[in-house]
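For reference, the structure discussed in these notes is given below.
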Amino acid sequence: MKLLIPVLFFTCTLFSQNFTWTVLPLPTTKTVYSIDFRDSLYGFAAGDSGLVLKTTDGGHSWQDISVSRNLTVSDITFTSKTTGFAVGIDFETPPFGTLFFKTTNGGDSWVESRYREDEAYMLALHFLDSLNGWTSGLEGKIAYTTDGGSEWYPALNDTAEFTNFPVLGFSFYTDSLAFAFGGHIDIAGVIWRTTDGGQYWKSHGVGPEPIKGIIVFDSLNLLGIGGDFEYGTAVVRSTDSGLTWDYRSLDIFGVPFGLSFRNATEVWTALGFAEKFIYSTDVGQNWTEVPSPDSGVVYDIQFTDSVTGYTAGRLGYFAKYSRTTVGIEDGGSPALPANHALGQNYPNPFNPVTEIPVELSEAATIKLTIYDMRGREVREIAAGNFDAGNHLFSFQSEGIPSGIYFYRLEITGQSNKKESIVRKMVLLK
């Protein structure tokens, strides 16, 4: 039986420009390198010594679901609340190499498998669904699976100019158009591009330091971020679907880790040992530095919507971003909405991100879900308890085709009265 570990609040918060980061220490002193949240409450954290933790209440308590190996879990990703994958490098049992872990029961148990090559070291994972996924790592390796990780097949990787350069991660725009990123310190940052669903990847040198993350705004416009301790942080930008890139140094000390939208125009990254974040409110043109609360060393960051985000890092560091937007009347007291309401998403039509406004006249339990024209659930945007006030949720359409979709808000109020509101949105790619 797994142990559910409560976490005490520490009242260290960081306030700046209407956002709040609150430190919620994890029940461990192990370093966390990867987090993956399915919604504003349900998420996972992974790191040193086989560490895997699960929360179902937004980081206030954690369940230890660690894998049974003493290795660093470098990446973790879930395609649902039950099906997930993790990767780590085994240096204990010769021949050394990469181990994958898969769960279909939310981490209650893990099935272990070894990568097809000995002494091949994979670092990152990306899964579009429970079957189709990609992994990447050192020596320019990229591989794919079509059966949920039982078998991995090497992709064709154009490494003639960048042989043996590490591939550190992925960003998919559609099932066919995707990008991988990485590079070698003091030599070059590299972005690999595929247009055939990851069978063949073409490399592009984009700057003097490794690229640590990419965000795809639409089929033409992309933003990447990278850096090292010598050059500091830099951004690269493409306006032609990744065929050419413009490089710009930000003159900010720190190495980026992770890149995440908070809303349609605001993007954040964590700067590791620099003990700070930087964020941009104009899709990467200008950047603002923000110290991490308690001087935390942060290695990953993720926003689940415009009002909820998470970051984690060294020695069990974990913090949560939260904000409830409530209007203020002349007397200084909150002006709460008169009724529950689900607003029209904006922009609409949209690509790739839109925002959905929700008004709650009282604290309530809500569920916000996207459906396709046939009534099939596409994605759960938010679920859990929310305060009275105005809330804004972001929907990112990665891996979803163009079409008409419906978003449904289910509300259970304090008197257990249930409401359901549905609106329509249009995705154009």
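Note on the chain: with charges restricted to the Cβ of Lys and Arg (+1) and Asp and Glu (-1), its dipole about the Cα centre is near 940 debye. Only Cα pairs under 8 Å and 6+ residues apart enter the sum, and on that basis the relative contact order of the chain stands at 11 percent.
Simple rule: put +1 on each Lys or Arg Cβ and -1 on each Asp or Glu Cβ in the chain, find the dipole, and look at P208, V297, F165; the Cα lying farthest toward the positive end is V297. Return the aspartates and glutamates within reach of K417: Cα separation strictly under 17 angstrom, same-chain partners fewer than 8 residues apart disregarded; answer none if there are no such residues. Answer for K417, where 17 Å is the Cα cut-off: E359, E362, D387, listed by chain and number. When you restrict to C-alpha pairs under 8 Å that are six or more residues apart and normalise by the size of region 327-427, the relative contact order lands at 29 percent.
Mind giving me the FRET efficiency for E92 and D246? R0 is 51 Å, r the Cβ-Cβ distance, nearest 0.05 is fine.
Given R0 = 51 Å and the Cβ-Cβ separation, E is 0.70.
Local charge for D246 was computed over the other residues whose Cβ lies under 14 Å away, with Lys and Arg +1 and Asp and Glu -1, and equals +1.
Dipole of the chain computed with +1 at Lys/Arg Cβ and -1 at Asp/Glu Cβ about the Cα centre; of L342, V52, V87, farthest Cα towards the positive end is L342. Under the simplified labelling scheme, the I187-D372 pair shows an inter-label distance of 4.2 nm, with each label point 7 Å from Cα along Cα→Cβ. Each Lys and Arg adds +1 at its Cβ and each Asp and Glu adds -1 at its Cβ; summed about the Cα centre, region 131-199 shows a dipole of about 100 debye. Note on S113/S322: beta-carbon distance plugged into 1/(1 + (r/R0)^6) with R0 of 45 Å gives a FRET efficiency of 0.75.
Our summary of shape: the Cα atoms of the chain have principal axis extents of 64, 51, 46 Å, ordered from largest down, in whole angstrom.
Scalar couplings 3J(HN,Hα) for region 195-207, obtained by applying the Karplus form with A = 6.51, B = -1.76, C = 1.60 to θ = phi - 60°, are 10, 10, x, x, 6, 9, 10, 9, 8, 9, x, 10, x Hz; x denotes Gly and Pro.
Local charge for L24 was computed over the other residues whose Cβ lies under 13 Å away, with Lys and Arg +1 and Asp and Glu -1, and equals -1. Only lysines eight or more places from K54 in sequence, or on another chain, were considered; those with a Cα closer than 28 Å are K2, K30, K81, K102, K212, K276, K320, K367.
Each Lys or Arg adds one and each Asp or Glu takes one away; over the other residues whose Cβ falls under 14 Å from the Cβ of A234, this sums to -3.
Rounded to the nearest 20 Debye, what is the dipole magnitude of region 109-229 about its Cα centre when Lys and Arg each give +1 and Asp and Glu each give -1 at the C-beta?
180
We did not get these values from a lab; they are worked out from the coordinates using the rules stated. The shown structure was predicted, so the numbers you read here are calculated from the model rather than taken from an experiment. Positions of Cβ are generated from backbone atoms using ideal geometry, with glycine treated the same way; all protein chains shown enter the neighbour counts.
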